[in-house]
Protein chains: 2
Amino acid sequence: MTSRTAVSDLKRVARVFHALSDPTRLQLVDLLRGGERCVCELTDALDAGQSRLSFHLKALKEAGLVLDRRDGRWVHYRLNHERVEELAGVLTECCAPIKGWVRSRCCA
Amino acid sequence: MTSRTAVSDLKRVARVFHALSDPTRLQLVDLLRGGERCVCELTDALDAGQSRLSFHLKALKEAGLVLDRRDGRWVHYRLNHERVEELAGVLTECCAPIKGWVRSRCCA
DNA sequence: TTGACATATCAACATGCGTTGATATATTGC
DNA sequence: GCAATATATCAACGCATGTTGATATGTCAA
């Protein structure tokens, strides 16, 4: 046994981290901390092109980090707090050192 | 004021998240949770090419997520728990909804 | 000093990602 | 239905990233 985490899980987690690996998307997440926002609000706040925002919102949505809701001609996005919390948990686990884990010393 | 977080910070954070956006690197982080490991142990565990591992370890190192230590002809890598904890903090902040933040409704 | 070993770096390549501008798809009000 | 508005998707482009195999660097042992 070399690892305690399935590779398929790692791929999934990697995709979520990738969604957070872009400054524009982090700005979006930051804005959404304040609550639900429609795309036009986000476009104004970031002063970014419409297709560009749409691209990044899609990336966040596919990673499960945000949820959307159509309201008439507008679409509102909000943080998926559960998923963000889950991800924070993954990182917190890394800070807790594993005890009783047999060290395989290949080199002295 | 559109955001509460400086863009320069976002770029820095984005780079760290990017380091975690690859399954191989997540596997490395997972292995390092068990403590310090030399490169040959990691190469064995992942059954990966040597230059490939070196590439990914460099990425983690430049993101500040791991630290290295030369010991004779071997190099040992370990998690930088402080940095991982810091990143977990960034995510935890996102889960705490911001109160008293005036909503700018551009659309009803 | 020479040879073996551990690790890092490099060059070349293929693939993926983010940007932009154009077009498509709702939805509303007239 | 038609025009206007909000958002999504597409195509094309350039750039970054991950992989591989070859080479360089550093360290030890004989």
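Looking for whichever is more than 26 Å from A:D9 (Cβ to Cβ) and among the charged types (D, E, K, R) here; the options are B:R70, B:R25. Which one fits?
Exactly one of B:R70, B:R25 is more than 26 Å from A:D9 (Cβ to Cβ) and among the charged types (D, E, K, R), namely B:R70.
Out of region A:62-77, which residues are surrounded by 15 or more Cβ atoms within 10 Å (Cβ to Cβ) and more than 9 Å from DNA strand D (Cβ to nearest atom)?
If the condition is that a residue be surrounded by 15 or more Cβ atoms within 10 Å (Cβ to Cβ) and more than 9 Å from DNA strand D (Cβ to nearest atom), then A:A63, A:G64, A:L65, A:V66, A:L67 are the ones that fit.
Restricting region A:7-36 to residues that are of a type in the set (S, T, N, Q) and closer than 17 Å to A:L87 by Cα, which is surrounded by the fewest Cβ atoms within 10 Å (Cβ to Cβ)?
A:S8
What's the total number of residues in region B:20-32 that are more than 15 Å from A:A6 (Cβ to Cβ), facing another protein chain (nearest Cβ under 7 Å) and not small (G, A, S)?
Selection size over region B:20-32: 2.
For region B:6-58, please list each of the helices (runs of 4 or more DSSP H) lying entirely inside it that holds at least 3 residues being closer than 18 Å to B:V75 by Cβ.
B:23-32, B:39-46
Does B:V16 meet the test of being closer than 16 Å to A:R25 by Cα, at pLDDT 95 or above and more than 8 Å from every other protein chain (Cβ to nearest Cβ)?
yes
Run A:C38 past the list (1) under 30 Å from B:G34 (Cα atoms); (2) in contact with a Cys (Cβ under 9 Å, 6 or more places away or on another chain) and report the number of the one that doesn't hold.
(1)
Can you say whether A:A59 is more than 8 Å from every other protein chain (Cβ to nearest Cβ), at pLDDT 95 or above and within 12 Å of DNA strand D (Cβ to nearest atom), as far as the supplied structure shows?
yes
Can you find a residue that is at pLDDT 95 or above, assigned to a helix (DSSP H, G or I) and not small (G, A, S) anywhere in region B:62-69?
There is at least one residue in region B:62-69 that is at pLDDT 95 or above, assigned to a helix (DSSP H, G or I) and not small (G, A, S).
Hey, can you tell me all the residues within region B:56-92 that are more than 18 Å from B:D30 (Cβ to Cβ) and among the aromatic types (F, W, Y)?
The one that is more than 18 Å from B:D30 (Cβ to Cβ) and among the aromatic types (F, W, Y): B:W74.
The rows are residues; the columns are (1) free of Cβ contacts under 8 Å to residues at least 24 places away in the same chain; (2) touching a Gly at 6+ places or on another chain (Cβ under 8 Å); (3) within 13 Å of DNA strand C (Cβ to nearest atom); (4) more than 8 Å from chain A (Cβ to nearest Cβ).
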residue	(1), (2), (3), (4)
B:C38	no, no, yes, no
B:S51	yes, no, yes, yes
B:S54	yes, no, yes, yes
B:V66	no, no, yes, yes
B:Y77	no, no, yes, yes
B:H81	yes, no, no, no
B:E86	yes, no, no, yes
B:C94	yes, no, no, no
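Looking only at region A:40-49, filter to residues that are at the interface with chain B (Cβ under 8 Å from one of its Cβ atoms) and buried (at least 17 other Cβ atoms within 10 Å of the Cβ); which one of those is nearest to DNA strand D (Cβ to nearest atom)?
Looking at residues that are at the interface with chain B (Cβ under 8 Å from one of its Cβ atoms) and buried (at least 17 other Cβ atoms within 10 Å of the Cβ), I get A:E41.
The values are calculated or read from the model by the stated rules, or taken from the named source; none is laboratory data. Computed from a prediction, not measured in an experiment: that's the story for all the values here. Please note: Cβ atoms are built from the backbone with ideal geometry, for glycine as well, and neighbour counts cover all protein chains shown.
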